[in-house]
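Engineer: My questions will all concern the structure given below.
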Amino acid sequence: MVYLNYTNLDNETQQRLVSDSKKDVEQKFGNDLKQYAEEHHIEYDTLLEEEAIRNLYSYEYVFNI
């Protein structure tokens with residue numbers, strides 16, 4: 001679960017969440033993504049960014065008011 005505060009949803013927090021998501025995706029699917037990127041001539045970092053953003057929807061968020 002990701003714990004967030006409504007008063008701290010600024011750009012820095014959003015970038016931290018994307019960065020954490022990138023680490024998760026790379027750890028789980030890094031080799032598969034690299035192989036897919038090579039086969040389809042896609043830049044790996046772009047693919048990783050897209051998958052990290054998609055991965056954010058799988059998180060469970062708890063908002064503190």
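Engineer: If you scan the range 31-58, which residues turn out to be under 21 Å from residue 16 (Cβ atoms) and free of Cβ contacts under 8 Å to residues at least 12 places away in the same chain?
Structural biologist: Listed by number, the residues that qualify are 45, 46, 50, 54, 57, 58.
Engineer: So, one more: Which members of the range 36-48 meet the condition of being assigned to a helix (DSSP H, G or I) and either open to solvent by 70 Å² or more (accessible area, probe 1.4 Å) or not β-branched (Val, Ile, Thr) (or both)?
Structural biologist: We begin by selecting, within the range 36-48, every residue assigned to a helix (DSSP H, G or I); these are 36-39, 44-48.
Matches in the range 36-48: 36, 37, 38, 39, 44, 45, 47, 48.
Engineer: I'm told residue 33 meets every condition in (1) of a type outside the set (S, T, N, Q); (2) open to solvent by 70 Å² or more (accessible area, probe 1.4 Å); (3) assigned to a helix (DSSP H, G or I) except one. Can you identify the failing condition by its number?
Structural biologist: So residue 33 meets the others, but not (2).
Engineer: Counting only residues that are among the acidic types (Asp, Glu) and more than 21 Å from residue 14 (Cβ to Cβ), which one in the range 24-55 is farthest from the chain's Cα centre (by Cα)? Write out each step before concluding.
Structural biologist: Looking only at the range 24-55, we keep the residues that are among the acidic types (Asp, Glu), and these are 24, 26, 32, 38-39, 43, 45, 49-51.
In the following step, the residues that additionally are more than 21 Å from residue 14 (Cβ to Cβ) were identified as 32, 38-39, 43.
Numbers: 32: 16, 38: 21, 39: 22, 43: 16 Å.
Ranking the qualifying residues of the range 24-55, first place goes to 39.
Engineer: State all residues of the range 14-27 that are among the polar types (S, T, N, Q) and in contact with a Leu (Cβ under 7 Å, 6 or more places away or on another chain); if no residue qualifies, say none.
Structural biologist: The initial filter retains those residues of the range 14-27 that are among the polar types (S, T, N, Q), namely 14-15, 19, 21, 27.
Listed by number, the list holds a single entry, 21.
The values are calculated or read from the model by the stated rules, or taken from the named source; none is laboratory data. Values in this document were obtained by computation on a predicted structure and should not be read as measured data. Ideal geometry is used to build each Cβ from the backbone, glycine not excepted, and the neighbour counts take in all protein chains shown. Side chains are part of the model used for accessible areas, which takes the heavy atoms of the whole protein and leaves out ligands, DNA and RNA. Shrake-Rupley method; radii C 1.70, N 1.55, O 1.52, S 1.80 Å.
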